[in-house]
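Read the structure below first, then the notes.
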Amino acid sequence: MKTFPQTFLWGGATAANQIEGAYLEDGKGLSTSDVQPQGVFGDVVERVPGDSGIKDIAIDFYHRYPEDISLFAEMGFNCLRVSIAWTRIFPNGDDATPNEAGLAYYDKLFDEMAKYNITPLVTLSHYEMPWALVKNYGGWGNRKVIGFFERYARTVFERYQSKVKLWLTFNEINMSLHAPMTGVGLPADSSKAQVYQAIHHQLVASALAVKACHDIVAEGKIGNMLLGGLMYPLSCKPEDVFKTLQENRSWQFFGDVQCRGAYPGYILRYFRESGFTLEITDADREALKSTVDFISFSYYMTGCVTADEALNQKARGNILNMVPNPHLASSEWGWQIDPLGLRTLLNVLWDRYQKPLFIVENGLGAKDKVEADGSINDDYRISYLNDHLVQAREAIADGVELMGFTSWGPIDLVSASKAELSKRYGFIYVDRNDDGSGTLARSKKKSFGWYKEVIATRGASLKE
Ligand code: BG6
């Protein structure tokens, strides 16, 4: 089988805070992303009138979406992943009524996509929440936030039920342990017990959103979203293998709860032995039983795990607890490139859950060079995506049910980890630099034509 299925969804993935800009326009409130100008691991900086950050304008998608969507359509996209900024709908999170201007904006956006038969895949919360909920309630550490989120979810399901059928709850829900402010609105120095309690509230909210989607959106499907952090043992030493199992479970447990409807025994043991006494009510346990329809995930790299503490110490500083794989090359940002790992991960997730899978992020962040004639020859990006898509196709042949592929950043956008524009992922170049200079003009890179052909041939043009 050399082509992807007829029904396969092809497209790109974005997030509101990384593309829209217009950070205070039409009644929008401040989000956690707005107060983290240095990115998801950066410090919180209170905004003062007149200050500015790169995300305030981002790539100005808020105003330029018609042009961008027409370019996506030209590539043949039949799917586009976007997120709704919660703060456009409920600027403070606890407002009595939703902000009509915010709701109207996404109506226009979804209508524009409909013109080209592009199916929206909408993330309810992509790495941001109303800053006012953090300041006034303590973020997801406060159980009340579950209710505010459920109200927001129900509001957008009601409003867009005829326009949006595919939904995701929380982006990379398993990142909260590494970026507590971004994930759950908690300060970076929060204890693990506090973070797990906040995560619990978010898992309950995710399940309530699943139920709400099923209640409201006819033929709606809703998935979770995991950072696909596949780890390999650095050696075949049983200690390394067991530690790898534990490391993988530290992120897989989110999926276990969202797909199976209850906490698995290994995480309950971990809580017990760590002395974490989480408040989990009977109503919470009942709510968690609403499980997702499909599993979506991001995939960029793999890493290795060792039980050797000396080696671990040397490798510290990575996002996840991993040491580099001596067999893999890395991107300019040190992310290890492993296309076969994507096939492994797809099979692991399929074997574990037997629910449809969706790759909702994959791509190469790289510095691009604009030639004198304006062309951008991003062969490195083409080769990265080609090799990952080949492995996704292999996984389908293995029997994995794969719904689609939305490459991360089909248009250059602000990177999440360090809020840089120089880390580019797009098929479409945006003339804007880290210092904010540039015209914001869009131009096509070499990969634009390449992806267009991949989609047109349903993958037959990929090189093995
Ligand atoms: C994922 C996020 O972690 O990776 C995206 O869901 C993010 O928001 C992407 O942009 C790539 O990371 P970065 O830091 O290169 O932008």
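The values are calculated or read from the model by the stated rules, or taken from the named source; none is laboratory data. Predicted model, so just to flag it, every value in this text is computed and none were measured. So basically every Cβ, Gly included, is an ideal-geometry build from the backbone, and we count neighbours across all protein chains shown. All accessible areas refer to the heavy atoms of the entire protein, side chains included, with ligands and DNA or RNA removed. Shrake-Rupley method; radii C 1.70, N 1.55, O 1.52, S 1.80 Å.
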Query - Low-density loop positions, trypsin sites (Lys or Arg not before Pro), the range 378-464 - DSSP coil, at most 14 other Cβ in 10 Å - result: K463
Query raised in the report: Under 13 Å from the Cα of K289, which aspartates and glutamates turn up, not counting those fewer than eight places away in the same chain?
Result: D256
Report summary line: Per residue convex hull volume, Cα only, the range 1-153, in Å³ is 145
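Looking only at Cα atoms, what is the convex hull volume of the range 414-457 per residue, in Å³?
Details: hull volume 3.1 nm³, N = 44.
Output value, Cα hull per residue: 70 Å³.
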**Report entry** For the range 118-187: rounded, prolate or oblate by the Cα gyration tensor [a/c cutoff 1.5]
**Finding:** oblate
Query raised in the report: Quick one: Debye curve from the C-alpha atoms of the chain, no solvent, what's log10 I(q)/I(0) at q = 0.06, 0.10, 0.11 Å⁻¹?
Result: -0.24, -0.70, -0.86
Query raised in the report: Rounded to the nearest 500 deg cm²/dmol, what is the calculated helix-only ellipticity per residue at 222 nm for the chain, with -39500 (n - 2.57) per DSSP H run of length n ≥ 4?
Result: -12500 deg cm²/dmol
Query raised in the report: Are any of the pairs K163/K452; K192/K221; K355/K423; K28/K55 more than 22 Å apart by Cα-Cα distance, and if so, which?
Result: K163/K452; K192/K221; K355/K423
Report summary line: Given all pairs of distinct Cα atoms, the range 67-139 yields a Kirkwood Rh in Å of 13.6
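In Å², what does the accessible area per residue of the chain work out to with a 1.4 Å probe?
38
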**Report entry** Burial ranking of peptide ranges 275-283, 238-246 (average Cβ count within 10 Å, highest at the top)
**Finding:** 238-246, 275-283
Query raised in the report: How many percent of DSSP beta bridges within the chain run antiparallel, rounded to 5?
Result: 15
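If you take the square roots of the eigenvalues of the alpha-carbon gyration tensor of the range 389-464 and sort them as a ≥ b ≥ c, do you get rounded (a/c under 1.5), prolate (a/b over b/c) or oblate?
Prolate is the answer for the range 389-464, as a/c is 1.5 or above and a/b outweighs b/c.
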Query raised in the report: Counting only Cα, what are the radius of gyration and maximum Cα-Cα distance Dmax of the range 38-108, in Å?
Result: 15.4, 42
Report task. With a cut-off of at most 13 other beta carbons within 10 Å, and DSSP calling the residue loop, which GluC sites (Glu not before Pro) in the range 141-235 qualify? Please list them. Result -> E219
Report task. Could you estimate the translational diffusion coefficient of the range 217-305 from the Stokes-Einstein equation, with Rh from the Kirkwood formula over C-alpha pairs, at 20 °C and 1.002 mPa s, in whole µm²/s? Result -> 143
Query raised in the report: Placing +1 at every Lys and Arg Cβ and -1 at every Asp and Glu Cβ, with all other atoms neutral, what dipole size does the range 188-308 have around its Cα centre, in debye to the nearest 20?
Result: 160
Query raised in the report: For the range 307-428, what are the per-bin percents of Cα-Cα distances with bins 10 Å wide, up to the bin holding the maximum?
Result: 11, 34, 34, 18, 2, 0
**Report entry** Axial C-alpha extent at least 18 Å, average Kyte-Doolittle at least 1.0 - helices from the chain (DSSP)
**Finding:** none
Query raised in the report: Among rounded, prolate and oblate, which fits the range 389-433 when a ≥ b ≥ c are the square roots of the eigenvalues of its C-alpha gyration tensor, a/c under 1.5 means rounded, and a/b larger than b/c means prolate?
Result: prolate
Requested in this report: Along Cα→Cβ, 7 Å out, is where each label goes; now give me the distance between the ones at A101 and E401 in nm to one decimal.
Outcome: 4.4
Query raised in the report: What size of dipole, in debye to the nearest 20, comes out for the chain about its Cα centre when the only charges are +1 on Lys and Arg C-beta atoms and -1 on Asp and Glu C-beta atoms?
Result: 780
Query - Length-normalised contact order for the chain - Cα pairs under 8 Å, 6+ apart - percent - result: 18
Report task. Can you tell me the equivalent ellipsoid semi-axes for the range 133-276? Use √(5λ) from the Cα gyration tensor, largest first, whole Å. Result -> 29, 19, 12
Query - Full-extension gain in nm, E464 to E46, via 0.36 nm per residue minus C-alpha separation - result: 145.5 nm
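Can you give the Rg to Rh ratio of the range 367-420, both from alpha-carbon atoms, with Rh computed by the Kirkwood formula?
With Rg and the Kirkwood Rh in hand, the quotient comes to 1.09.
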Query raised in the report: If the cut-off is 15 Å between C-alpha atoms, which aspartates and glutamates fall inside it for K243, apart from same-chain ones fewer than 8 positions away?
Result: D308, E309
Report task. Identify, among G404, A366, V305, the residue whose Cα sits farthest towards the positive end of the charge dipole of the range 291-416, taking +1 on the Cβ of Lys and Arg and -1 on the Cβ of Asp and Glu, with the dipole about the Cα centre. Result -> V305
Query - Heavy-atom accessible surface of the chain: percent carbon and sulfur, 1.4 Å - result: 53
Requested in this report: Report, in debye and to the nearest 20, how large the dipole of the range 320-464 comes out about its Cα centre when Lys and Arg carry +1 and Asp and Glu carry -1 on their Cβ.
Outcome: 260
Query raised in the report: For the range 99-154, what is the Kirkwood estimate of the hydrodynamic radius, computed as the reciprocal of the mean inverse distance between distinct Cα atoms, to one decimal in Å?
Result: 13.3
